[in-house]
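The values are calculated or read from the model by the stated rules, or taken from the named source; none is laboratory data. Fair warning: this is a prediction, and the values are worked out from it, not measured in the lab. Here the Cβ positions follow ideal geometry from the backbone for every residue, glycine too, while neighbour counts run over all protein chains shown.
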Amino acid sequence: MISLKFNFASRAGFVFAAAALAASAAFAGGTHGGGHHEESPIGEPGVAAKVTRTIEVDAADSMRFTPSNVSVKKGETIRFVIKNSGKVPHEFSLGTEKELKEHYEVMKKFPTMEHEEPNKISLKPGKQGEVIWRFTKPGVVNFACLHVGHYEAGMKGQVNVAAN
Ligand SMILES: [Cu+2]
């Protein structure tokens, strides 16, 4: 699952940054979109006018994203067009692995919870939608469907962000 291209020194730095972000997120008490800018290890919401590439991702009832591995370069703004080709709802959430796991625990307690955040989208069967995201740091950014059972079944993937 973990890209072999990724060296351990930068991974260690990434994990440290992720831990720092998780700590600040916990301190913020779970409020979202409060207006202040936080450095995030996964990047920042993208601006449509600055999109450099569109990547289509299929979300299927086989509990797989296709593709599940995506490569981008630091600084790129990607328009992810996610299509739910299945018969049950799916979602696409970008995050660190730690953030995704934490959110998944919350989803298990509140399964009908829906997200209105720039790094994720919930999709009803047959629907498609977009997440526009700018990758600002080299490393691995994870994505997953956090619906109960889906994440555990392997509905996840990685964006490998290359340094320029
Ligand atoms: Cu799903």
Discussion item. I need every pair where a residue in segment 139-152 that is farther than 15 Å from Val106 by Cβ has its Cβ under 8 Å from the Cβ of a residue that is within 11 Å of the ligand (Cβ to nearest atom) and among the aromatic types (Phe, Trp, Tyr), sequence separation at least 6 or different chains.
Written reply: Phe143/Phe65; Phe143/Phe92
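A quick yes/no check of all residues on (1) over 19 Å from Glu152 (Cβ atoms); (2) out of contact with any helix residue (DSSP H, G or I) (no Cβ under 9 Å at 6 or more places or on another chain); (3) without any contact (Cβ under 8 Å) to a residue 40 or more places away in the chain:
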| position | (1), (2), (3) |
| --- | --- |
| Ala60 | no, yes, yes |
| Asn69 | yes, yes, no |
| Gly75 | yes, yes, no |
| Lys98 | no, no, no |
| Glu117 | yes, yes, no |
| Pro125 | yes, yes, no |
| Gly129 | yes, yes, no |
| Phe135 | yes, yes, no |
Item to complete: Could you please give the count of residues in segment 54-104 that are assigned to a helix (DSSP H, G or I) and within 16 Å of the ligand (Cβ to nearest atom)?
Response: 4
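From the list Pro111, Pro118, pick out the single residue that is closer than 25 Å to Val51 by Cα and assigned to a loop (DSSP other than H, G, I, E, B).
On the way: Pro111 fails: closer than 25 Å to Val51 by Cα.
Among Pro111, Pro118, only Pro118 is closer than 25 Å to Val51 by Cα and assigned to a loop (DSSP other than H, G, I, E, B).
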Item to complete: Could you tell me whether Ser40 is modelled with pLDDT of 50 or more, surrounded by 13 or more Cβ atoms within 10 Å (Cβ to Cβ) and not in a strand (DSSP E or B)?
Response: yes
Worksheet entry | Test: Phe135 is on the phi < 0 side of the Ramachandran plot, within 12 Å of the ligand (Cβ to nearest atom) and crowded, with 21+ Cβ neighbours inside 10 Å | no
Discussion item. Return the residues of segment 108-132 that are within 13 Å of the ligand (Cβ to nearest atom) and touching a Phe, Trp or Tyr at 6+ places or on another chain (Cβ under 8 Å); say none if nothing qualifies.
Written reply: Lys120, Ile121, Leu123
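Of Val70, Val47, Val15, which residue is at pLDDT 95 or above, surrounded by 12 or more Cβ atoms within 10 Å (Cβ to Cβ), hydrophobic (A, V, I, L, M, F, W, C) and under 20 Å from Phe135 (Cβ atoms)? Before you say what the answer is, go through the steps one by one.
Working: Val47 fails: surrounded by 12 or more Cβ atoms within 10 Å (Cβ to Cβ); Val15 fails: at pLDDT 95 or above.
Selected residue: Val70, the only one of Val70, Val47, Val15 that is at pLDDT 95 or above, surrounded by 12 or more Cβ atoms within 10 Å (Cβ to Cβ), hydrophobic (A, V, I, L, M, F, W, C) and under 20 Å from Phe135 (Cβ atoms).
For segment 143-164, check the following and say yes or no: at least one residue is part of a helix (DSSP H, G or I) and hydrophobic (A, V, I, L, M, F, W, C).
Within segment 143-164, the subset part of a helix (DSSP H, G or I) is none.
Within segment 143-164 (the criterion being part of a helix (DSSP H, G or I) and hydrophobic (A, V, I, L, M, F, W, C)), the answer is no, since none of the residues qualifies.
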